[in-house]
Structures are given as C-alpha cells and as structure tokens.
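The values are calculated or read from the model by the stated rules, or taken from the named source; none is laboratory data. Note that the structure is a prediction, hence the values are computed from the model and not measured. Please note: Cβ atoms are built from the backbone with ideal geometry, for glycine as well, and neighbour counts cover all protein chains shown. Each accessible area value is taken on the protein alone, full model and side chains, heavy atoms only, with ligands, DNA and RNA left out. Shrake-Rupley method; radii C 1.70, N 1.55, O 1.52, S 1.80 Å.
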Amino acid sequence: MLGGFHILVNGKPLFSQAERSRQVMNLLAYLLLNRRSLASQQKLIEVLWPDDNSGDPTNALKNLVYRLRKALSRNDALSQFECVLLQNGHYIWNNKIPCRIDTELMEDYWKQACNLALGIPERIDLCSRALSLYKGRFLPDIEHGSWTVSLSSYYQNIYMSCVREAIRLLSLEQRFDEIFAICQTAIALEPYEELLHENLIKALIQMGKRQKALQHYHDI
C-alpha cells in the first residue's frame, strides 16, 4: 500500500500492468484494508464513485466485483478460493486467505518501538523495520480517493514519528552514520521536511564531514 499498490502471491506479482484496472484495484485495496468487517453496497458505491457519476451504481458495483473475482481466479494459488464473499448483501474479503500488509506491519513495529521497557538497541531495530516498509505515500496510484486522504496523512505521521525517534535513539548511541543514512532515505521520500535536512547536516558534522554538511546547507 505504501508507495504504490502491489500484491505478491507466493512471491510473484498477482497482476501484470496491463491487468490493473483502476477501479478494480481501488475495490481490492479497500476490501483488503477492511477485511475484518463487512462492507455494504452503499459504502462501496460511495468509495468507488464519490461523485456519483455512475448511472446505475448498484449494477456497476456488481460488475466490478465480478471482474475482480474473475481476475483473482486466474491465479493458481487463489483459484481454489472465492476471494470476495457476499454475506447478507455485504461484501468482505475471504479471511481464510492469509494476508500480510505493509501498513499494518509498519504500524505494529512502530507501536512495539514505543515500548519504553525495551532496550535502546531493540527499539532502534524495531524503528528500522518500520522505516524499511515505507516506500512512499499511501496508495498514490488510487487517484486521490476521498477514503485514502486521511489514511495517507496517518501513515505519513507514523513514518515521521518513527524517523524522529530513531534519530533520537541513535544519537544517544552516537551512531551518526546511521542517522545520516536514515535522513538521506527519508529526504528522498519527504523532501520538504526540514527536520530531516537539519539532522542530516548535524550527522555529517559529527562524522567530521563539515564540507559536505556546508554543501548540503547551501543546496537546501
């Protein structure tokens, strides 16, 4: 979900680029993220057609679900399942199919890293695991769907909180080369966060690379 919507089944991409219909991907992403609760037809219509520009949204939704089921059934590992279930007029992802989702893993690592009972090295490791999962903004290829806006902000805030805590903990351990690496990666993803540039410059100074620190200052 972070940096673009991609699905792997047994390590292989589920869809080719040619198969990635925008609305089918939108529906699949929503069902996966909300796979522990039923989604009413009305809710899915609001998610998929927020401007209500579908003449017959109920039939359009049924057609979209059919297309998604057909696309999923072409995968050998998934063909034995009915991936999208209909229960009392509500749709839900079949939870007999195990899923690992980067947003959930990142949030879990971050929550563990906040545990003050853990040692600093262990908390740094948990921060690093969380940071490694953030490849960019939440579902950037879902064309600014209204349901994604708050989630995009939520996961960006988790990422930046994790960066700040990792920098703080690494500073206590005087591991400035790792601070530099974290800031460098984060700047590529969030170039307008001043905190990142400030700490990258401080790390370079602590590493004895004052000329590089000055150059970065002037570049910014």
Can you pull out the residues in region 179-220 that are under 26 Å from residue 118 (Cα atoms) and surrounded by fewer than 17 Cβ atoms within 10 Å (Cβ to Cβ)? 181, 185, 195
Check every one of the helices (runs of 4 or more DSSP H) wholly within region 32-114 and list those with 1 or more residues that are farther than 30 Å from residue 126 by Cα and in contact with a His (Cβ under 8 Å, 6 or more places away or on another chain). 41-48
Among residues of region 12-31 being surrounded by fewer than 17 Cβ atoms within 10 Å (Cβ to Cβ) and at pLDDT 90 or above, the residue farthest from residue 137 (Cα to Cα) is 12
Only one of these conditions is not met by residue 123: (1) open to solvent by less than 50 Å² (accessible area, probe 1.4 Å); (2) among the basic types (Lys, Arg); (3) over 23 Å from residue 157 (Cα atoms). Which number is it? (3)
Selection within region 1-31 - part of a loop (DSSP other than H, G, I, E, B) and within 21 Å of residue 73 (Cα to Cα): 5, 6, 7, 10, 11, 14, 15, 16, 20, 21
Return yes when residue 132 is among the hydroxyl-bearing types (Ser, Thr, Tyr), surrounded by fewer than 16 Cβ atoms within 10 Å (Cβ to Cβ) and assigned to a helix (DSSP H, G or I) and no when it is not. yes
Sole exception among (1) closer than 18 Å to residue 21 by Cα; (2) touching a residue at least 24 places away in the same chain (Cβ under 8 Å) for residue 60, by number: (2)
Which members of region 148-169 meet the condition of being modelled with pLDDT of 95 or more and either outside any helix (DSSP H, G or I) or open to solvent by less than 40 Å² (accessible area, probe 1.4 Å) (or both)? 155, 156, 158, 159, 160, 161, 162, 163, 165, 166, 167, 169
